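To start, the structure itself, in structure tokens.
None of the figures in this text is laboratory data; all of them are computed from the coordinates on show. In this text, all values refer to a predicted model and were calculated from it rather than measured experimentally. Counting neighbours? That spans all protein chains shown, and the Cβs are built from the backbone with ideal geometry, glycine included.
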Amino acid sequence: METVLILGATSDIAIAIVKKFASKKYNIQLAARNPAQLEPIKSDIKIRYGVECDAFAFDALQFSTHALFFETLKPIPNVTITVFGVMDEEDKAFDSWQLTQRMIDTNYTGAVSILNIAAKHYNEQKKGAIIGVSSVAGDRGRASKLIYGSSKAAFNAYLSGLRNKYFKSGIHVMTVKPGFVYTRMTEDLNLPKLLTSTPDEVAEIIYAGFSKKKNIIYVKWFWRYIMLIIKMIPEFQFKKMKL
């Protein structure tokens, strides 16, 4: 039976992903800053799906701990999924280097740190899969998502390079680009219904894409074309727009 590691396992999206993989009889490794919060999820998964489920402490910002964390997992997971991320209010982040750095280090540096380690291990084994949950915000820099979008753009570029680097080693690297998602974090926002997914929809699309060894998936298919149109706007015109 194969094992999947979920990094940032307390979010609504992460929990939906956990349930989807557990329903397919993957053993589960949950990881988050506060492993005590994972205990109810762990118990539910074991009872509901009859698979092994363990919880571990993992902090994306504690880079020096990442190698020991991954190397001591028993077993080493066959699939590593990064779900963690942070999106502060953009104007506040722009005015505060502390918030800017936290977004960059969480969304990009921390993800690169742990995925470098996983990828090198998978390269030695000549098998394994990495799934990075990123964002459509990384497709083009916009004022409304200046810091967040740039951190996700960097993550997208990293996943693309990783896919290129290890393709011949048999490692599957998949980039996931959700648009708007109904979660506890967005429950107070007035999100456009047509463009917004549920965590369960995200999990379904991720598992389907993983099963088909897709490279890049947009959770709502039309986000691909929305972002394509945005990317095609000439820079001289784009810089004048409020996006």
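Can you give the angle from 0 to 90° between the axis of helix 110-125 and the longest principal axis of the chain, with both taken from C-alpha atoms, to the nearest 10?
That works out to roughly 50 degrees.
Need the full-extension length gain, Lys126 to Ile226, defined as separation in residues times 0.36 nm minus the C-alpha distance. One decimal, nm.
Value of the extension gain: 32.4 nm.
Give the Debye-formula value of log10 I(q)/I(0) at each listed q (0.10, 0.15, 0.19 Å⁻¹), with one equal scatterer per alpha carbon of the stretch 7-146, two decimals each.
Log10 of I(q)/I(0), two decimals: -0.37, -0.80, -1.16.
Work out the FRET efficiency for Lys24 and Thr198 from their Cβ-Cβ distance, taking R0 = 25 Å, and round it to the nearest 0.05.
0.85
According to a simple spin-label model (label point 7 Å from Cα along Cα-to-Cβ), what is the distance in nm between Gln62 and Ile216?
3.5 nm
Once all Cα-Cα distances of the stretch 3-238 are split into 5 Å bins that start at 0, what whole-number percent is in each one?
1, 7, 14, 18, 21, 18, 12, 6, 3, 1, 0, 0
If the chain between Ser144 and Phe167 were fully stretched, how many nm would it gain, using 0.36 nm times the residue separation less the Cα-Cα distance?
Gain on extension, Ser144 to Phe167, equals 4.8 nm.
Run the helix sum for the chain: -39,500 (n - 2.57) per DSSP H stretch of 4+ residues, divided by residue count, reported at 222 nm to the nearest 500 deg cm²/dmol.
-13500 deg cm²/dmol
What GluC sites (Glu not before Pro) does the stretch 58-167 have in DSSP loop regions with at most 14 other beta carbons within 10 Å?
Those that pass, being in a loop and sparsely packed, are Glu89.
Could you run the Karplus curve 6.51 cos²θ - 1.76 cosθ + 1.60 with θ = phi - 60° over the stretch 90-96 and give me ³J(HN,Hα) per residue in whole Hz, x for Gly and Pro?
4, 5, 5, 5, 5, 7, 10
Mind checking which of His121, Ala93, Phe58 is farthest towards the positive end of the stretch 54-131's charge dipole, using Cβ charges of +1 (Lys, Arg) and -1 (Asp, Glu) about the Cα centre?
His121
Arrange the following residues from fewest to most other Cβ atoms within 10 Å of their Cβ: Thr80, Thr65, Thr72.
Thr72, Thr65, Thr80
Which residue, Ile229, Ile41, Ile131, has the most motion in a Gaussian network model of the chain that connects Cα atoms within less than 10 Å?
Ile229
Restricting attention to the stretch 94-203, which trypsin sites (Lys or Arg not before Pro) occupy a DSSP loop and are surrounded by at most 13 other Cβ atoms within 10 Å?
Filter output for the stretch 94-203: Lys126, Lys127, Arg184.
At q = 0.16 Å⁻¹, what log₁₀ I(q)/I(0) does a Debye calculation on the Cα points of the stretch 111-161 give, no solvent, two decimals?
Results for the stretch 111-161 at q = 0.16 Å⁻¹ read -0.51.
According to the square roots a ≥ b ≥ c of the eigenvalues of the Cα gyration tensor, what is the shape class of the stretch 139-243, taking rounded for a/c under 1.5, prolate for a/b larger than b/c otherwise, and oblate for the remainder?
oblate
How big is the charge dipole of the chain about its Cα centre, in debye rounded to the nearest 20, if each Lys and Arg gets +1 on its Cβ and each Asp and Glu gets -1 on its Cβ?
With only Lys, Arg, Asp and Glu charged at Cβ, the dipole is about 1060 debye.
Project the alpha carbons of the stretch 80-217 onto their principal axes and report the range along each, largest first, in whole Å.
Ordered largest first, the stretch 80-217 gives principal extents of 44, 34, 23 Å.
Mind grabbing the base-10 log of I(q)/I(0) for the stretch 26-76 at q = 0.14, 0.15, 0.16, 0.21 Å⁻¹? Debye formula, identical points on the C-alpha positions, no solvent, two decimal places.
Values, matching the q order: -0.37, -0.42, -0.48, -0.76.
With the calculation restricted to Cα positions, what are the radius of gyration and Dmax of the stretch 1-51 in angstrom?
Cα-based Rg and Dmax for the stretch 1-51 come out at 9.7, 27 Å.
Using a 7 Å offset from the Cα along the Cα-to-Cβ direction at both Thr72 and Met1, what is the distance between the two label points in nm, to one decimal?
2.4 nm
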